[in-house]
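Before any comments, here is the structure.
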Amino acid sequence: MILPRRAFRATGIFATGLLCGATAAWLSRPHMSPKEETEPGSRRVVSFLEGTGGDGGRVGSVGASREEFARILEEIRRYPFGEIDPRLYELSRRWSAESPADAFRGFLDARELSDRHYFFVLNRAMAAWGKVDPEAALAAAEAVGDKSLRQELVVSALLESNPEDAIKRLEAMGAPLRPDLYARIFSDWGARDGAAAQMGFATLENSKLRSEAALVLAAALAENDLAGALQWAGSLENGGERTEALVRIIQTAAGEDPAAAAEGLHMLEEGPRKDFAYRSVIEAWARRDPQAALAWVRDETTEEGFGREAALSTLAYSLVTVDSGLAASLMEEIPAGPGRVMLAARFAEEWTDFDPRAAFDWGEGLQGEERDRVLARVASYWSMRDPTAAGDFVTNLPDDPAYQSFRLDVVRRWVEADPQQAIAWAASLEGPEGRSIHQAAASSWTKGGDPKGAAQHVEGIEDPALRYRNPPASAG
């Protein structure tokens, strides 16, 4: 299934920080003694759950969590590379809340878990432990043998109580550098104490770490104090850091208050990143208040920098699923020329995702090259998303050479979805255009994985010239 182009996905920085380590930085389990190495995995887990793991002798809800974990672990072992098992996700939340130290030790012993599961539950338990007893949590984190895992756990232990110390300890541990962990620290820190986080950011020296941290800190600050966030970003001496922080702040704020976010645009220098920020504001504004967005575009944009044409087309793309009539009228305000042809073709793509028949009708009313490009784009995207519906549509088009390219584009995809119906329709067409479509359909059928069926069809073609252009030998 082909998803619409405008589909979006959002990933939380916490989950990203926890999970990326499992695939990018951790290649081995924590250290095990020789005795542990020879013990069967299930025996290690069961022995711990029976109460041999430190303070694990508690009963009641914690004991129930241990038993549930043993059951879940046995099933997860069969599917080690999937997403976080929802039962394990819920258990890790509950067990970490009940007794984070016990949960951490229980999960630490569960080396049968996949890396993805293992890192997630350990970090969750350690983060909970760090909230109630950061010293004990830190001691347990630093006792872990694997360096990459130890880095993650140290951050989890100190994330809320002492992020400054977490940074110092990461620096002391040295390579490998983990920008994802610094990003996690500053995302959380910036949301809780923006002023302190800004001071902590100023102490970073490594340019790669600063770049990652600046982005997440900018987003965190923007959610709490937009004016303060803009002032901080504008004060950054490094031009690249300043630009990216400003863009992230504008992008973050635009979802809630596009008018306020737009004020930050004037702090950016002309260039692609400013254009991107403009588009972010326009798209967010269009979703909230199309008329206000249009008024702003007309008042603020000029032919310089992010000009009126680009602004109007961006607004039109954003409005196509909200108010297609207004969106189409905005495209008509763009002066004719090569630039409009390109913009119109892209607009057709957006509209085809939403309403292909309406996009076709709009394209049909255009003239010259613009009409041809738009209809070609509609045919291409429609036939990719729903070739059968596009094929049904072309069967009802008038027998007009103006639709020849549209028919050819559609029939090639239609053959892949329903070769018998597509070929039957193509074979019914007359004249040179019909023969051309028939030939294209037969050729696509051959290339689409059924050369035998295509060859049998070609054998039955009465027109010698058409049969020659589709030789049955192509069946192999």
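Return the distance in nm (one decimal) between the two label points of a simple spin-label model at LYS208 and GLN421, each offset 7 Å from Cα along Cα→Cβ.
5.4
Using label points projected 7 Å from each Cα along Cα→Cβ, tell me how many nm separate LEU397 and GLU67, to one decimal.
6.9
Between the DSSP loop rule and a limit of at most 10 other Cβ atoms within 10 Å, which GluC sites (Glu not before Pro) in region 208-237 are left? Please report the intermediate quantities before stating the final value.
Details: sites: GLU212, GLU223, GLU237; in loops: GLU237.
Passing both the DSSP loop test and the Cβ count: GLU237.
Would you please state the base-10 log of I(q)/I(0) at q = 0.14, 0.22, 0.26 1/Å for region 169-253, with intensities from the Debye formula using one equal scatterer on every alpha carbon?
Normalising to I(0) and taking log10 leaves -0.40, -0.98, -1.33.
Between region 321-372 and region 104-139, how far is it from one alpha carbon centroid to the other, in angstrom?
Using only Cα atoms to place each centre, the spacing works out to 54 Å.
Given region 309-367, report the % of alpha carbon pairs whose separation exceeds 19 Å.
Values: 259 of 1711 pairs.
That tail contains 15 percent of the Cα-Cα pairs.
Quick one: ranking MET342, MET199, MET384 by accessible area, 1.4 Å probe, largest first, what do you get?
Numbers: MET342 120, MET199 140, MET384 65 Å².
Correct descending sequence by accessible area is MET199, MET342, MET384.
Within region 99-204, list the GluC sites (Glu not before Pro) lying in a DSSP loop whose Cβ has at most 16 other Cβ atoms in a 10 Å radius. If you can, show how the numbers build up before the last one.
Details: sites: GLU112, GLU135, GLU142, GLU152, GLU160, GLU164, GLU171; in loops: GLU112, GLU160.
When the GluC sites (Glu not before Pro) of region 99-204 are filtered for loop state and at most 16 Cβ neighbours within 10 Å, GLU160 remain.
Given the C-alpha centroids of region 177-206 and region 266-295, what is the distance between them in whole angstrom?
With region 177-206 and region 266-295 each reduced to a Cα centre, they are spaced 28 Å.
Region 101-198: Rg/Rh from Cα coordinates, Kirkwood Rh?
Details: Rg = 12.9 Å, Rh = 13.5 Å.
Answer for region 101-198: 0.96.
Can you put ASP225, ASP399 in order of accessible area, largest first, using a 1.4 Å probe?
Working: ASP225 85, ASP399 130 Å².
Highest to lowest solvent-accessible surface, that is ASP399, ASP225.
In square angstrom, rounded to the nearest 10, how much accessible surface does ARG87 have for a 1.4 Å probe?
Result for ARG87: roughly 90 Å² accessible.
What trypsin sites (Lys or Arg not before Pro) in region 160-224 are in a loop by DSSP, with at most 11 other Cβ atoms within 10 Å of the Cβ?
Working: sites: LYS168, ARG169, ARG184, ARG192, LYS208, ARG210; in loops: none.
Qualifying residues, ordered by number: none.
So for the pair GLN404, GLU263, with labels modelled 7 Å out along Cα→Cβ, what separation do we get in nm?
6.0
Tell me, what are the semi-axes, in whole angstrom and largest first, of the equivalent ellipsoid of region 142-219 as set by the roots of 5 times the Cα gyration tensor eigenvalues?
Working: eigenvalues 78, 37, 19 Å².
Whole-Å semi-axes of the equivalent ellipsoid: 20, 14, 10.
Would you list the P(r) distribution for region 251-403, with all Cα-Cα distances sorted into 5 Å bins from 0 and each bin expressed as a whole %?
2, 9, 18, 20, 16, 14, 9, 6, 3, 2, 1, 0
The values are calculated or read from the model by the stated rules, or taken from the named source; none is laboratory data. Everything numeric here is computed off the predicted structure, so don't read it as measured data. Please note: Cβ atoms are built from the backbone with ideal geometry, for glycine as well, and neighbour counts cover all protein chains shown. SASA here: full protein model, heavy atoms, side chains in, ligands and nucleic acids out. Shrake-Rupley method; radii C 1.70, N 1.55, O 1.52, S 1.80 Å.
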